1. If you go through the range 213-222 one residue at a time, do you hit one that is of a type in the set (Val, Ile, Thr) and farther than 17 Å from GLY127 by Cβ?
2. Output the number of the condition that THR168 fails; it satisfies all remaining conditions of (1) under 22 Å from the mean Cα position of the chain (by Cα); (2) within 21 Å of TRP219 (Cα to Cα); (3) crowded, with 16+ Cβ neighbours inside 10 Å.
3. State yes or no: is LEU150 without any contact (Cβ under 8 Å) to a residue 24 or more places away in the chain and aliphatic (A, V, I, L, M)?
4. Inspect the range 96-104 for any residue being in a helix (DSSP H, G or I), hydroxyl-bearing (Ser, Thr, Tyr) and either surrounded by fewer than 13 Cβ atoms within 10 Å (Cβ to Cβ) or not assigned by TED's automatic domain parsing to the domain that holds THR224 (or both) and give the result as yes or no.
5. Looking at the range 146-160, can you tell me whether even one residue there is farther than 25 Å from PHE79 by Cα, exposed (fewer than 12 other Cβ atoms within 10 Å of the Cβ) and not aromatic (Phe, Trp, Tyr)?
6. How about the range 181-254: which helices (runs of 4 or more DSSP H) wholly inside it have at least 3 residues that are modelled with pLDDT under 85?
7. I need the full set of residues from the range 107-156 which are part of a helix (DSSP H, G or I) and polar (S, T, N, Q), in order please.
8. Which residues, taken from the range 53-89, are in contact (Cβ under 8 Å) with a residue 40 or more places away in the chain, over 21 Å from the mean Cα position of the chain (by Cα) and not in a loop (DSSP other than H, G, I, E, B)?
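The values are calculated or read from the model by the stated rules, or taken from the named source; none is laboratory data. In this text the structure is predicted, and so the values were computed from the model without any measurement. Using ideal geometry, Cβ is built from the backbone for each residue, glycine included, and neighbour counts are taken over all protein chains shown.
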Amino acid sequence: MSAPSSAPARPRRKFSKPLTYAALSLGLLVMAAPFLWMALSAFKTKSELLASPPVWIPTEWTLESFDKLLKELDLPLYFLNSAVVAVLVTVSNLLFCSMLGYALAKLNFAGRGKVFAVVLGALMVPGNLMLLPLFVLMSKLELLDSYAALVLPFAAQAIGVFLMRQFTQSIPDELLEAARMDGASEWYIYWRIVLPLVKPGLATLTILTFLGSWNNFVWPLIATNDPGKYTLPVALATFATDPNRAGGSNGVLMAGSFLVVLPVLIVFAVLQRHFTQGIATAGMK
């Protein structure tokens, strides 16, 4: 007597994939809706911004909000300040975090476990808890109202060290030992062997660090009193809370917010392939 067939399970599989795609598409739409509203509102006329019911897609595309933003705000200066700070913070994290991650993963030295324990402990400390000590330190060093005050406190972050250590651990020890036997120095091994093999980790760290630095608001607000050193988020928030300048102009604020988000999207688009590869690699460890 033949065993009962399990064929009826196939129709269920046939419908499960479209339902999954539909649920994911709905979730994506919900997450992207605020950004789409902001981006589209930056190009609307004043009447469309105040329309009820709301108008999603502009019927008449205009750059009036961007033009007013450029006239009311020294946008190139604040954009340059944000770019300089974000780039310096990102580059310093890529260098220092990858170096320390390599040392913690592949070098044997006294106190390595304790150093890694300090890194893990730093991950558990809320960032806002360090604002007052950092402000006092920068004040004692007379670095307030300078790029140094905006860059140095974030030049090497614990999350970056932990991330690069995890990626570096995936490199076979035999490869590094073979390079040492051939007479390669540790600097050569780090620069010519390790870094090319951890590109997904570097891309992931670049996106996370650039995103955090570009959108950082609280620390630049505390560390700068000179409007000439304001970053773009601080300048935009100051502009929005000044009734004599913004005057409740939602279009101008939407245009400014769009310009704040745009560089992050560009960085993510450029490094997306490496970022997704890094996430997939991390999931296999």
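1. There is no residue in the range 213-222 that is of a type in the set (Val, Ile, Thr) and farther than 17 Å from GLY127 by Cβ.
2. Only one criterion is unmet by THR168, namely (2).
3. So LEU150 does not fit the description; no.
4. Within the range 96-104, none of the residues are in a helix (DSSP H, G or I), hydroxyl-bearing (Ser, Thr, Tyr) and either surrounded by fewer than 13 Cβ atoms within 10 Å (Cβ to Cβ) or not assigned by TED's automatic domain parsing to the domain that holds THR224 (or both).
5. So far as the range 146-160 goes, no, none of its residues is farther than 25 Å from PHE79 by Cα, exposed (fewer than 12 other Cβ atoms within 10 Å of the Cβ) and not aromatic (Phe, Trp, Tyr).
6. 232-240
7. Within the range 107-156, ASN128, SER139 qualify.
8. GLU64, SER65, PHE66, LYS68, LEU69, GLU72, LEU75, LEU77
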